[in-house]
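Heads up: the structure comes next, in C-alpha cells.
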Amino acid sequence: MSSLILRTTLRLILPILLLYSVFLFFRGHNHVGGGFTGGLVAGAGFALYALAYRVSDLKQLIKIEPQTLLSVGLLISLVAGLIPVLGNKNFLSGEWITISMPRFGDIALGTPLLFELGVYLVVVGATLTILMNLMEE
C-alpha cells in the first residue's frame, strides 16, 4: 500500500500510540489496561506502520526480532513468578520494594509490574511475529 495520507499521519500517530501503550501499561494494575492491552495498542501501531510502508521498514524501525521480544517477555514473567518462591511464598505472589526518589517521593515497585512487563513484551512479540509472517507472503 502506498498511501501518502497514511504515511504522513502515521508520523504523528505512531509516537502517540506508543505513548498511549505505555500509559495503559502503567495504569493497568489499578484500572483497565495492563500489559496485554498496552501490548495490543503497540502492536496495532506497528501494524499501521507495516501497512503504510513495508515489512522491511518495520524491521529496521524495531531493530529486534519479534521472537526475541516474545522469549524475553516469557523469561521476565517467569522470573516475576519465581521471586516470591525464593522467599518461601507461593508462585506469582506479590513482592514489593519501595524506592525513595527525591522529586517523586516513595515509589513501590513489585513483581506484578514485572509480570505485566513480561506480558507486554509477549503480546508485542506475538503480534509482530504474526503480522510479519502474514505481510511477507
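Every number here is computed from the coordinates shown, using simple stated rules; none is lab data. All figures in this text were calculated on a predicted structure; none of them were measured in a lab. Because the Cβ atoms are built from the backbone with ideal geometry, glycine has one as well, and the counts that use them run over all protein chains shown.
Of Leu114, Leu128, all but one fail to be touching a residue at least 12 places away in the same chain (Cβ under 8 Å), hydrophobic (A, V, I, L, M, F, W, C) and in contact with a Pro (Cβ under 6 Å, 6 or more places away or on another chain); the exception is Leu128. Could you grab me the full set of residues in segment 37-68 that are outside any helix (DSSP H, G or I) and within 16 Å of the chain's Cα centre (by Cα)? Residues satisfying the conditions are Lys63, Ile64, Glu65.
Looking at segment 101-129 only, could you name the residues that are within 30 Å of Gln60 (Cβ to Cβ) and of a type in the set (A, V, I, L, M, F, W, C)? If the condition is that a residue be within 30 Å of Gln60 (Cβ to Cβ) and of a type in the set (A, V, I, L, M, F, W, C), then Leu114, Leu117, Val119, Leu121, Val122, Val123, Val124, Ala126, Leu128 are the ones that fit. Before we move on, is Leu58 touching a residue at least 60 places away in the same chain (Cβ under 8 Å) and hydrophobic (A, V, I, L, M, F, W, C)? In short, yes. Only one of Ile83, Ile76 is surrounded by 13 or more Cβ atoms within 10 Å (Cβ to Cβ), under 13 Å from Glu116 (Cα atoms), of a type in the set (A, V, I, L, M) and in contact (Cβ under 8 Å) with a residue 24 or more places away in the chain. Can you tell me which? The conditions single out Ile76. Annotation: of all residues in segment 61-73 being free of Cβ contacts under 8 Å to residues at least 40 places away in the same chain and closer than 17 Å to Leu18 by Cα, the one that is surrounded by the fewest Cβ atoms within 10 Å (Cβ to Cβ) is Lys63.
Of all residues in segment 1-34, none satisfies the criterion of being small (Gly, Ala, Ser), over 21 Å from Met132 (Cα atoms) and part of a helix (DSSP H, G or I).
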